[in-house]
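K.L.:
Got a structure here, written out as structure tokens. Questions coming.
Read the figures in this text as sums done on the coordinates, not as results from a lab. Worth saying up front: this structure is predicted, and the values here are computed from it rather than measured. No Cβ is skipped: glycine too gets one built from the backbone with ideal geometry, and neighbour counts run over all protein chains shown.
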Amino acid sequence: MINKIKEHIEEAKAFTTEDKTTLEEFRIKYLGSKGLLKDFFAEFKNVPNEQKKEFGQVVNELKNTAEEKVKSIQELLESKTESINLFGDLSRPGNPINIGSRHPISLVKNQILDVFSTIGFNVSEGPEIEDDWHNFTALNLPEYHPARDMQDTFFIQTNPDVLLRTHTSSVQVRYMENNKPPIRTISPGRVFRNEAISSRSHCIFHQVEGLYIDKNVSFADLKQTLLYFTKEMFGKSKIRLRPSYFPFTEPSAEVDIYWGLKTETDYRITKGTGWLEIMGCGMVDPNVLKNCGIDPNEYTGYAFGMGIERIAMLLYQIGDIRMFYENDVRFLEQFKSSL
Ligand code: PHE
């Protein structure tokens with residue numbers, strides 16, 4: 001009899017369940033009003049005296065074991081239901097994490113910087129809030145110069161000396177002031193112009209400007225660099241330079257790339273010509289070099305500048321510049337990339 005009770009103790013110790021009904025069956029089997037323990041206690045009077053002590057001990061042990069088991073499993077099951085009510089079912093798999101993607105402006109900017117870094121250009125950055133000198137005067141745009149009107153400027157407060165930069169040429173001025181030639185630098189950044197917002201233009205956009213200054217830098221160097229860039233960036237190997245005007249370069253030119261007329265879209269974006277304007281460029285005006293502490297008799301250089309949005313719109317066929325600033329995830333999610 002004692003051995004049988006001991007077996008029951010082992011069995012009760014090993015018992016486990018996550019189910020309330022099974023637990024209740026276990027409870028009834030041992031502790032119920034018609035349960036095993038009741039029988040064992042009733043048996044007590046028939047046990048020979050010399051065994052009574054041991055018998056009492058094992059029956060009590062079985063009782064305690066069964067009671068503790070019921071109590072601990074009950075608590076466990078309750079705490080589970082509680083946490084499901086509080087936090088939802090914690091054992092369920094989690095929601096998948098939505099991995100973000102780089103903004104198309106950053107993607108294109110990084111691509112441009114990559115191309116120029118392979119030919120020795122470093123990256124320079126400067127403040128978005130500028131003074132008149134760095135944004136205009138040093139760039140050969142003195143006060144009352146008519147070309148200032150080309151860049152409708154946001155002034156901060158009423159002080160005409162504090163403004164939002166209208167181009168990242170201001171960074172080039174700062175770079176020339178603080179570094180000796182040879183200079184090869186690319187200045188990406190956000191720029192601001194007080195323009196009406198439409199599908200083609202915005203009052204905030206991004207530029208990448210390049211500057212190269214050394215002895216004997218020529219227009220041919222500029223053209224070759226731009227050709228290399230368009231080949232790497234767009235896979236196109238035909239460019240043309242049209243005479244243009246910028247106060248800070250002389251001579252100046254607009255750069256067109258031959259995009260081709262293979263598809264309907266090619267027709268649309270090149271207005272049927274096959275050619276696409278992508279940037280402005282020129283030889284740095286000697287006055288600008290002088291303003292920045294570089295001797296124009298010893299050094300020459302070239303500069304160029306392009307709008308990142310324009311290039312991103314081209315590459316990704318985006319029809320409206322405002323898409324870049326709306327942060328609509330349905331738009332942004334289309335640019336998953338490792339860059
Ligand atoms: N800074 C000019 C602009 O914002 C671009 C440019 C840069 C043109 C360098 C020529 C040389 O339009």
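K.L.:
Asn122's amide H: which non-local residues (gap 5+, or another chain) put their own amide H closer than 5 Å, with H modeled 1.01 Å from N in plane and none for Pro or chain starts?
P.N.:
Arg184, Thr185, Ile186
K.L.:
Can you give the Rg to Rh ratio for the range 110-159, taking only C-alpha atoms and Rh from Kirkwood? Can you show the working numbers first?
P.N.:
On the way: Rg = 15.2 Å, Rh = 13.5 Å.
Dividing the radius of gyration by the Kirkwood radius yields 1.12.
K.L.:
Right, next: Output ³J(HN,Hα) for the range 70-80: one whole-Hz value per residue in order, computed from phi by the Karplus curve 6.51 cos²θ - 1.76 cosθ + 1.60 with θ = phi - 60°, and x for Gly and Pro.
P.N.:
4, 5, 5, 5, 4, 4, 4, 5, 5, 5, 5
K.L.:
Which residue, Gly56, Phe229, Asn122, has the largest displacement toward the positive end of the dipole of the chain when charges sit on each Cβ (Lys, Arg +1; Asp, Glu -1)?
P.N.:
Checking the options against the dipole of the chain, the answer is Gly56.
K.L.:
Just from the alpha-carbon atoms, what are the Rg and Dmax of the chain in angstroms?
P.N.:
Computed over the Cα atoms of the chain, radius of gyration and Dmax are 39.9, 124 Å.
K.L.:
For the pairs Lys4/Lys45; Lys6/Lys52; Lys109/Lys238; Lys29/Lys63; Lys109/Lys271, flag any whose C-alpha to C-alpha distance is greater than 19 Å.
P.N.:
Numbers: Lys4/Lys45 17 Å; Lys6/Lys52 15 Å; Lys109/Lys238 22 Å; Lys29/Lys63 11 Å; Lys109/Lys271 26 Å.
With Cα atoms farther than 19 Å apart: Lys109/Lys238; Lys109/Lys271.
K.L.:
Give the Rg/Rh ratio for the range 57-159, taking Rg as the radius of gyration of the Cα atoms and Rh as the Kirkwood radius, to two decimals. Write out the running numbers ahead of the final one.
P.N.:
Values: Rg = 35.5 Å, Rh = 22.4 Å.
Taking Rg over the Kirkwood Rh, I get 1.58.
K.L.:
So for the range 2-87, considering every pair of alpha-carbon atoms, how many percent are separated by more than 16 Å? Each step should come with its number before you reach the end.
P.N.:
Working: 2037 of 3655 pairs.
Of the Cα pairs, 56 percent sit more than 16 Å apart.
K.L.:
Turning to a different aspect of this structure: What would the Debye equation give as log₁₀ I(q)/I(0) for the range 220-319 at q = 0.12, 0.20 Å⁻¹, counting only Cα atoms as equal point scatterers?
P.N.:
-0.45, -1.00
K.L.:
Turning to a different aspect of this structure: Relative to the Cα centre, what is the charge dipole magnitude of the range 232-282, using +1 at the beta carbon of each Lys and Arg, -1 at the beta carbon of each Asp and Glu, and rounding to the nearest 20 debye? Each step should come with its number before you reach the end.
P.N.:
Details: 7 positive and 7 negative charges, 40 e Å.
Computed about the Cα centre, the dipole is about 200 debye.
K.L.:
How big is the charge dipole of the chain about its Cα centre, in debye rounded to the nearest 20, if each Lys and Arg gets +1 on its Cβ and each Asp and Glu gets -1 on its Cβ? It would help to have the intermediate numbers written out before the result.
P.N.:
Numbers: 41 positive and 48 negative charges, 201 e Å.
It comes to approximately 960 debye.
K.L.:
Going by average Cβ density within 10 Å per residue, which order do the peptides 118-127, 59-68 take, highest to lowest?
P.N.:
59-68, 118-127
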